[in-house]
Structure formats: C-alpha cells, structure tokens
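J.: Here's a structure for you.
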Amino acid sequence: MGAGNGIYAVGPGTAVLRFPKASGGGAAGNPVVTLRSYAMRELFRIDSTAVFWKTHVITDAKTTTTPDACGDIAKGQLEGNNLRWMTSAAGYRTDGTLDCDGSLCGSFGAPPAGTSELHIPPHPVQLGAFRFAPDMKTFTMPSTLVAKTDSPKQTAYIAISGREARRTCARVTRCP
C-alpha cells in the first residue's frame, strides 16, 4: 500500500575507484576509470501507520559487488568532472535481515513477522554518473534503480554522495 515508501539514510559505505596515471585511453582522450570495489551498510527503520495498524520494519543488510576476473566492477569514462559509466556494476547483491513487528507484517508487501533473511541475488546495476566537485575530492550520484523484488515487494533506489578518504598509487598488472 506504499506505507513504507520514503527516503532512508544508509551508510557508511566505501567505493574504490582507479584513475589512470596519465590522461587518455578512452574516446576523445577521456580517461577510463574503473570501480574496483563497492560496499554499503544499510541499516534503517521504517515506521508505518495505516488507519489503526502500526508496523515497524528494521532492515539490517550489506550491499556488495563482485569484480570480474580483472578485478573490475564497472568501467566509466571521465568527461571533465563527470564520470559516466560505460558498463553496469557487476554482481550487485544485498544480504542481511528484515525484522518486522506489527499488524501489517506478512501483508501488502511487508515481510513476515519476526526476523527473516534478506537476499537479493547478484545482478548488474547501471549506476548514475558520478559528478565530482572541481577539486575531484567529493562526488554525488543521482537516484538510481538498484533492485526490484516481489518477496518482499520492494523497489529500491540509491543516491550516493562521497568524499575521497585517501589516495594511493597502485601497481597495475595487465589483465587478459
């Protein structure tokens, strides 16, 4: 019935991006950037009231991704301060628990009463563009569809904002 619709803060999370040392490598000389890892903690509570019924659902999960044989999750092209993803993020999955307490548990798309497992299997997700600040140390990503499930019935979007935590030079090995 949409009683759990809303915007819920999640995190903290981490994303590791690999920028090439020298520019070039992509179309029109734009550098190709790779997403090397992604993990997001998702702990939030939904309090839903409909007529005389009250229900509380606590989601405690972690979303991760699975890199390919070369260690990449997604590849994008840096165009100025915008990182546009050329490939989907591979192996985007969510695992955790849902804890439902109240009269609507098990109805209208709510999970069953008590604690139940939450597993959204690996699937590709087309991330929105990362828009970096002029100093390239912070970024935002607009709301992007990441999952649509039938049990529990949900459609999930995520918007991300992040900041550089550290920068290191990494040795790159050739990948077939």
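J.: State all residues of the stretch 66-101 that are closer than 12 Å to Ile120 by Cα and of a type in the set (Val, Ile, Thr); if no residue qualifies, say none.
T.: Result: Thr94, Thr97.
J.: Can you pull out the residues in the stretch 67-96 that are surrounded by fewer than 17 Cβ atoms within 10 Å (Cβ to Cβ) and polar (S, T, N, Q)?
T.: Asn81, Asn82, Thr87, Ser88
J.: Kindly indicate the residue of the stretch 160-176 that is basic (Lys, Arg) and assigned to a loop (DSSP other than H, G, I, E, B) and also surrounded by the most Cβ atoms within 10 Å (Cβ to Cβ) among those meeting that condition.
T.: Across the stretch 160-176, the extreme among qualifying residues is Arg167.
J.: Given the options Leu78, Leu104, Leu127, Leu83, name the one that is in contact with a strand residue (DSSP E or B) (Cβ under 6 Å, 6 or more places away or on another chain), assigned to a loop (DSSP other than H, G, I, E, B) and under 30 Å from Leu17 (Cα atoms).
T.: Criteria check complete, one pass: Leu127.
J.: Criterion first (in contact with a His (Cβ under 9 Å, 6 or more places away or on another chain), assigned to a strand (DSSP E or B) and at pLDDT 90 or above) does Thr115 satisfy it? I'd like the intermediate steps shown before the answer.
T.: Details: in contact with a His (Cβ under 9 Å, 6 or more places away or on another chain): no; assigned to a strand (DSSP E or B): yes; at pLDDT 90 or above: yes.
Spelling it out, it is not the case that Thr115 is in contact with a His (Cβ under 9 Å, 6 or more places away or on another chain), assigned to a strand (DSSP E or B) and at pLDDT 90 or above.
J.: Can you confirm whether Asp99 is modelled with pLDDT of 95 or more, over 17 Å from the mean Cα position of the chain (by Cα) and of a type in the set (D, E, K, R)? Don't jump to the end; show me each part of the working.
T.: On the way: modelled with pLDDT of 95 or more: yes; over 17 Å from the mean Cα position of the chain (by Cα): yes; of a type in the set (D, E, K, R): yes.
So Asp99 fits the description; yes.
J.: Of (1) surrounded by 13 or more Cβ atoms within 10 Å (Cβ to Cβ); (2) among the small types (Gly, Ala, Ser); (3) at negative phi, Gly102 satisfies all except one. Which?
T.: (3)
The values are calculated or read from the model by the stated rules, or taken from the named source; none is laboratory data. Just so you know, these numbers come straight off a predicted model, no measurement behind them. Neighbour counts are summed over all protein chains in view; Cβ atoms, including those assigned to glycine, are modelled from backbone coordinates with ideal geometry.
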